[in-house]
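The values are calculated or read from the model by the stated rules, or taken from the named source; none is laboratory data. All of these numbers come straight from a predicted model, not from anything done at the bench. For the accessible areas, the whole protein counts, side chains as well, though only heavy atoms, and no ligand, DNA or RNA atoms are used. Shrake-Rupley method; radii C 1.70, N 1.55, O 1.52, S 1.80 Å.
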Amino acid sequence: MQEPLRSEQKEAILRSTGTVVDEAIAFLQGMIRIPTVNPPGEGYPACARYIGEQLHRLGYSVEYINLTPAELAELAPYGAGLPRTNVVGRLPGSHASPVLHFNGHMDVVPVGPGWSTNPFGGEIRNGRIFGRGASDMKGGIAAQVYAIEAIRRAGLHLQGTVEQSGVVDEESTGNRNAGTGLLVERGYITRNHTDYVVITEPLNADNICLGHRGAIWGEITTFGRQSHGSTPERGVNAIELMADFIAEATHELKPDLQQRLNSQPVIPPSANAASLSFNTITGGTNVNSVADRCSVTFDRRLVMGEDLETARRELRDLLERQARTQPGFCYEYAERYATRPTWVSHATPLVQAFSAAVQEVVGHAPGYVCSPGTDDQRFVVQNAGIEQCIVYGPGEITQTHVIDESLAIDDLLTSIKVMAMAAATLLGVE
């Protein structure tokens, strides 16, 4: 970390943030108006180009990172063959290092019915910007870009180097993925090159997120034997087998999980315990045939201190017991995605710089919190081995994936101020 900012430098940066907020809002509205719904992953090249052209206008060198056909098939299996394009902008300072990398994902979840406004319109109402991705997390991309611009328009020159990335497929996760995971694999984010990484997801603008819970996403299938619906005794009903298993897991495993609490505060607090949910189910072929197959997907969330192998064994032990005690119970267990919990130390220059900035801007110390879901921090910390990686951005986590998603303009401005102050501290200015 460089020398502390002088009071006049802080004042200049804070004044400058007010001059860029309107541009940040317009930039965010432009991103919202490019639907990038995932699945399947629509509009990625157009949104990457939009971000890249803005970075280019602001003086960054810009690179677009596309996938080979083989990578597309492997890393985006649920992407309907649509192209995946990431964008990285680089703004060198007067020194080659340190390097601060801001990262945000451009993909958004699908839109359901019930919106009071165009979900891809970017309408401003009552001090909030509405639209899918306003909080999660195109607002973060707008904030990270204009935080750096605020420093420059304050008449200060960065000594270190800034990188900005807009990536795809965070919402569809994966043990590997076509966004941040790909940037790590291809060496755009590496321990030898990248000193600090800030992922601008929404966990409330006065919190610094140091990690996330773990997860296993999987599918369990039960197999039966088909027969005519008028003679069910001649068959084995796979749906009934699945219902018995779900009831057993609900009555035996879930209460135990609810007693396992995260050692770090989770936002929102209701997500502080380990959990298991069964979220989709399919089975049978027609109303008058006994179902010979039933599949259910599950989402198991792990708290700090839990490990993946134990979580897997608990589910498999239940399945094995059903197989031993229930006639005709046959099953298959498969996983789509798994990651262990991630947590980084607060005693690093990156966290301390952001803590001081939050204190300066909002007037109180930040909360150190844990995300209830997983995010791209896992690729940076677990795969690239970069410990100095945090999640900080505008927006409330309660605004993610909801009808009438919105971002308070005040939150956007607060996060721009915090990011600008922290970036200037970490990289140095002259």
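Return P(r) of the stretch 140-273 (all Cα-Cα pairs; 10 Å bins starting at 0; whole %; ordered from short to long distances). The calculated distribution, bin by bin, is 8, 22, 25, 18, 13, 8, 4, 1, 0.
Computed from Cα atoms, the angle from the helix 7-32 axis to the main principal axis of the chain rounds to 50 degrees.
Ligands, DNA and RNA are left out, and with a 1.4 angstrom probe the accessible area of the stretch 136-291 is 38 Å² per residue. Where a ≥ b ≥ c are the square roots of the eigenvalues of the C-alpha gyration tensor, would you call the stretch 123-187 rounded, which needs a/c under 1.5, or, failing that, prolate if a/b is larger than b/c, or oblate? Because a/c hits 1.5 or more and a/b fails to exceed b/c, the stretch 123-187 counts as oblate. Across the stretch 1-89, Cα-Cα pairs more than 16 Å apart make up 67 percent of the total. Per the Debye formula on identical point scatterers at the alpha carbon atoms of the stretch 364-406, with no solvent, log10 I(q)/I(0) at q = 0.13, 0.18, 0.21 Å⁻¹ is -0.40, -0.70, -0.86. Each 10 Å bin, from zero up to the one with the longest distance, holds this percent of the alpha carbon pairs of the stretch 29-72: 25, 46, 26, 3. The Cα center of the stretch 1-60 and the Cα center of the stretch 106-159 differ in position by 8 Å. Taking the C-alpha atoms only, the angle from helix 308-325 to the longest principal axis of the chain is near 10 degrees. Computing Rg and the Kirkwood Rh from the Cα coordinates of the chain gives a ratio, Rg/Rh, of 1.03. Evaluated over the Cα positions of the stretch 17-148, the convex hull gives a direction-averaged projected area, one quarter of its surface, of 9.4 nm². Scattering from the stretch 153-217 was approximated by placing one identical point on each alpha carbon and applying the Debye formula without solvent; log10 I(q)/I(0) at 0.13, 0.20, 0.25 1/Å stands at -0.52, -1.10, -1.32.
Hey, what's the Cα Rg ratio for the stretch 295-430 versus the globular rule of thumb, 2.2 N^0.38 Å? Before the final figure, lay out each step's value.
Values: Rg = 20.9 Å, N = 136, 2.2 N^0.38 = 14.2 Å.
Compactness ratio reported: 1.47.
Give the carbon-plus-sulfur fraction of the accessible surface of the chain in %, rounded to a whole number; probe 1.4 Å, heavy atoms of protein chains only. Let's see the in-between values first.
Numbers: 8530 of 17010 Å².
Here carbon and sulfur together make up 50 percent of the probe-accessible area.
For the stretch 260-369, the convex hull spanned by the alpha carbon atoms encloses 160 Å³ per residue.
Using only the Cα atoms, what convex hull volume per residue in Å³ does the stretch 255-313 have?
Working: hull volume 7.0 nm³, N = 59.
With only Cα atoms used, the stretch 255-313 gives 119 Å³ per residue.
To the nearest ten degrees, helix 409-427 and the longest principal axis of the Cα atoms of the chain are 70 degrees apart.
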